[in-house]
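Have a look at the structure below, then the notes.
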Amino acid sequence: MKSTFNLSEFRTVEAEFGETISIVSVDSRVPENPFKATSLKLEEYNERVEFLREHDHIFGMNMAKEKFCK
């Protein structure tokens, strides 16, 4: 199942739910810098979405990549 929702005024999340969850979040202020994550468990998905919601400033996407994409 796919779902797309606005996380904030500038940020959209597209999620695909199955055995695991994949997400792509795009900030309209910097559309060339999306945050992508695959093979997430529900807790991991929730953690990333909440982080992106809390860090809605323009540097939030890079902060999410630094924190979660190692």
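The values are calculated or read from the model by the stated rules, or taken from the named source; none is laboratory data. Worth saying up front: this structure is predicted, and the values here are computed from it rather than measured. Cβ sites come from the backbone with ideal geometry, for glycine too, and all protein chains shown count toward neighbours. Ligands, DNA and RNA are stripped out before the accessible areas are found, and what is left, the full protein with its side chains, is counted by its heavy atoms. Shrake-Rupley method; radii C 1.70, N 1.55, O 1.52, S 1.80 Å.
Considering only protein heavy atoms and a probe of 1.4 Å, how much of the accessible area of the chain is carbon and sulfur, as a whole percent?
51 percent
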For the chain: accessible area per residue (Å², 1.4 Å) = 66 Å²
Find which of Phe17, Cys69, Leu40 sits farthest along the positive direction of the dipole of the chain, computed with +1 on the beta-carbon of Lys and Arg, -1 on that of Asp and Glu, about the Cα centre.
-> Cys69
Calculate how steeply helix 42-54 sits against the longest principal axis of the alpha-carbon atoms of the chain, using the helix alpha-carbon long axis, and give the answer as 0 to 90 degrees to the nearest 10.
-> 10 degrees
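Suppose every Lys and Arg Cβ carries +1 and every Asp and Glu Cβ carries -1, with no other charges. What dipole size does the chain come out with about its Cα centre, to the nearest 20 debye?
160 debye
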Loop-located GluC sites (Glu not before Pro) in the chain, at most 15 other Cβ atoms within 10 Å (DSSP) | Glu9, Glu19, Glu32
Determine how large the accessible area of Ser3 is when every protein chain is in place; take a 1.4 Å probe and give Å² rounded to the nearest 10.
-> 40 Å²
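Projected area of the chain, taken from the Cα convex hull and averaged over every viewing direction, in nm²?
Averaged projected hull area, Cα only: 4.2 nm².
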Would you kindly derive the ³J(HN,Hα) couplings of segment 24-32 from the backbone phi angles with the Karplus curve 6.51 cos²θ - 1.76 cosθ + 1.60 (θ = phi - 60°), listing them in order in whole Hz, with x for Gly and Pro?
-> 9, 10, 10, 9, 5, 7, 9, x, 7
When all protein chains stay in place, what accessible area (Å², nearest 10, 1.4 Å probe) is found for Leu42?
-> 100 Å²
